[in-house]
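The values are calculated or read from the model by the stated rules, or taken from the named source; none is laboratory data. Bear in mind that the values here come from a model prediction, so they are computed numbers and not experimental data. Methodologically, a virtual Cβ is constructed for each residue, glycine included, from the backbone with ideal geometry; neighbour enumeration extends over all protein chains shown. Surface areas here come from the heavy atoms of the whole protein model, side chains and all, with no ligands, DNA or RNA. Shrake-Rupley method; radii C 1.70, N 1.55, O 1.52, S 1.80 Å.
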Amino acid sequence: MELLLMLTVLLFAHAVGYLAWAAAVRRRQSRCYLLDYVCHKPSDDRKVTTEMAGALIERNPRLGLSEYRFLLRVIVGSGIGEETYSPRNIVDSREDAPTHQDAVEEMDAFIDDAIAQLFAKSGGLIRPCDVDVLVVNVSMFSPAPSIASRIVRRYGMREDVAAYNLSGMGCSAGLISLDLARNALRTRRNATALVVSTESIAPNWYPGTDKSMMLGNMLFRCGGSAVLLSNDPALRGRAKMELRCLVRSNIAANDDAHACALQREDGDGRVGISLSKTLPKAAVRAFTVNLRTLAPRILPVTELARFAAGLVLRKLSSSSRKHGGKSEGPKINFKSGVEHFCLHPGGTAVIEAVKRSLSLDDGDVEPARMTLHRWGNTSASSLWYVLSYMEAKGRLRRGDRVLMVTFGSGFKCNSCMWEVKGDMADKGAWADCVDDYPPANTANPYMDKFGWLNDVEGDTVML
């Protein structure tokens, strides 16, 4: 009897020990460390200056004075400067007849630069053959073999590398790819993931006259990012940040939200991305849905309790009903749980909408505004340019929390929070210009050069 009891106790102790060990292993594997990242800086001969933009618009024979004035209003209010980049075929005046090779060469220019830089920055610690998981996202170009296969071939990665290629996910694909990479790492021990985000602009220039589809030409620019992640505890000391949580929301069941950013044909059969006036509203709605899950994960209990108490007091108060008006409800102070806000620079309207929703100030949205000014909207990679701005400015300190928020067609809102773990002092793609930011005036020179269009009478004009 005593022997049986002893064996039972030993078996129980063994089971408890095993479960504790298994739980610890799962926790270790669920860790996701940001080892490093690189943002692509295209060559200077691809910059979109005022003169180049004017010539690009002028050589479109379908545009008239009405379209010229519309484009002038859009670009003046876009928040975009003169340092952004276009693909080679547009520089060479071939935007009306792009080829498959134009898109391939645009991808190769990014792949050969950014990914090579990323591996070089590791100092040999992480080599292409060490990559266990590869996640690539390019929304508007999906060749066969895939871009992921192209990267595996270009860098000689292992035959057992788990490669994923995402398309059609829009500007929010960066965090979708991060989520996919994190989940793939959870099934592996001491593994490394490479996440690649870029967009294909070369074959997607819209040459028509539908104003909702002309907007994309003004906002989207060339860029890309390459990011190294790992769940290996041995690399924790070399990590820049650790992922704390990630939340994804999709409100595609709403017809207006689904259609606010849509690839379609215009009345003449020309394909482009239509951006409707309801896009900022859809972004706020998707963001609100996302915050319901995100807020409890990133905010301290005291802030959540304060907010809840405010809601209760507002309901108990009858003052608003007595006076026939509505009192403003309590607002969550997100700065109680976050030091830095890394917002998707999708456009000035989107940045301002998120600023109002989170009750942020100009300093909080400065990184997003400056990224939009310097690089334009580079789609899924934009967030990493925003983060790079913060790092280049020396604003990220160990222990700081960084909230990333991105939006994309669908309509989707994805967010995540990082905690800074190591030294972040790399100026990256901002190295040659960060000291000039923020400029005293972010106004671009388009109105100075083309403002006379507003004084022209008639229907025809020469730029």
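If you go through the range 191-231 and pick out every residue that is more than 23 Å from the chain's Cα centre (by Cα) and either among the hydrophobic types (A, V, I, L, M, F, W, C) or crowded, with 22+ Cβ neighbours inside 10 Å (or both), you end up with 1.
Per this entry, residue 150 is not counted among residues that are free of Cβ contacts under 8 Å to residues at least 60 places away in the same chain, assigned to a loop (DSSP other than H, G, I, E, B) and either within 19 Å of residue 185 (Cβ to Cβ) or open to solvent by 30 Å² or more (accessible area, probe 1.4 Å) (or both).
Would you be able to say whether some residue in the range 316-335 is modelled with pLDDT of 80 or more and either assigned to a helix (DSSP H, G or I) or within 20 Å of the chain's Cα centre (by Cα) (or both)? So far as the range 316-335 goes, yes, one or more of its residues are modelled with pLDDT of 80 or more and either assigned to a helix (DSSP H, G or I) or within 20 Å of the chain's Cα centre (by Cα) (or both). Restricting to the range 187-231, name every residue that is over 22 Å from residue 136 (Cβ atoms) and of a type in the set (Asp, Glu). Hit for the range 187-231 is 210, nothing else.
If I filter the range 365-383 for residues that are over 18 Å from the mean Cα position of the chain (by Cα) and either in a loop (DSSP other than H, G, I, E, B) or β-branched (Val, Ile, Thr) (or both), do I get at least one hit? Among the residues of the range 365-383, not one is over 18 Å from the mean Cα position of the chain (by Cα) and either in a loop (DSSP other than H, G, I, E, B) or β-branched (Val, Ile, Thr) (or both), which makes the answer no.
Close Cβ contacts (under 9 Å, 6 or more residues apart or on different chains) running from residues in the range 40-59 that are closer than 15 Å to residue 109 by Cα to residues that are exposed (fewer than 13 other Cβ atoms within 10 Å of the Cβ) and at pLDDT 90 or above comprise 41/431; 41/432. Considering the range 396-429, and only residues there that are under 19 Å from residue 337 (Cβ atoms) and in a loop (DSSP other than H, G, I, E, B), the residue that is most open to solvent (accessible area, probe 1.4 Å) turns out to be 398.
Sort out which residues of the range 221-272 are among the charged types (D, E, K, R) and in a strand (DSSP E or B), and write them in order of number.
Passing the criteria: 242, 244, 248, 264, 265.
Considering 144, 116, 109, the condition of being open to solvent by 20 Å² or more (accessible area, probe 1.4 Å) and under 21 Å from residue 229 (Cβ atoms) is satisfied by 116 alone. In the range 180-190, is there at least one residue being of a type in the set (S, T, N, Q), open to solvent by 20 Å² or more (accessible area, probe 1.4 Å) and outside any helix (DSSP H, G or I)? Yes, the conditions are met somewhere in the range 180-190. If you filter the range 134-147 down to residues that are out of contact with any Pro (no Cβ under 9 Å at 6 or more places or on another chain) and touching a residue at least 60 places away in the same chain (Cβ under 8 Å), you find that the one that is farthest from residue 114 (Cα to Cα) is 139.
Residues that are open to solvent by less than 50 Å² (accessible area, probe 1.4 Å), more than 30 Å from residue 36 (Cα to Cα) and not in a loop (DSSP other than H, G, I, E, B) within the range 57-90 comprise 57, 65, 67, 68, 70, 71, 72, 74, 75, 89, 90, listed in sequence order. Would you point out the residue of the range 237-255, among those that are touching an Asp or Glu at 6+ places or on another chain (Cβ under 8 Å) and basic (Lys, Arg), that is surrounded by the most Cβ atoms within 10 Å (Cβ to Cβ)? Filtering the range 237-255 for residues that are touching an Asp or Glu at 6+ places or on another chain (Cβ under 8 Å) and basic (Lys, Arg), the one surrounded by the most Cβ atoms within 10 Å (Cβ to Cβ) comes out as 240.
A quick yes/no check of all residues on (1) within 19 Å of residue 286 (Cβ to Cβ); (2) assigned to a helix (DSSP H, G or I):
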site: 357; (1), (2): yes, yes
site: 360; (1), (2): yes, no
site: 388; (1), (2): no, yes
site: 394; (1), (2): no, no
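Would you check if residue 103 is in contact with a Pro (Cβ under 6 Å, 6 or more places away or on another chain), open to solvent by less than 40 Å² (accessible area, probe 1.4 Å) and modelled with pLDDT of 95 or more? Yes: the conditions hold for residue 103. Output the number of residues of the range 337-381 satisfying the condition of being β-branched (Val, Ile, Thr), free of Cβ contacts under 8 Å to residues at least 40 places away in the same chain and under 20 Å from residue 427 (Cβ atoms). Residues meeting the conditions: 1.
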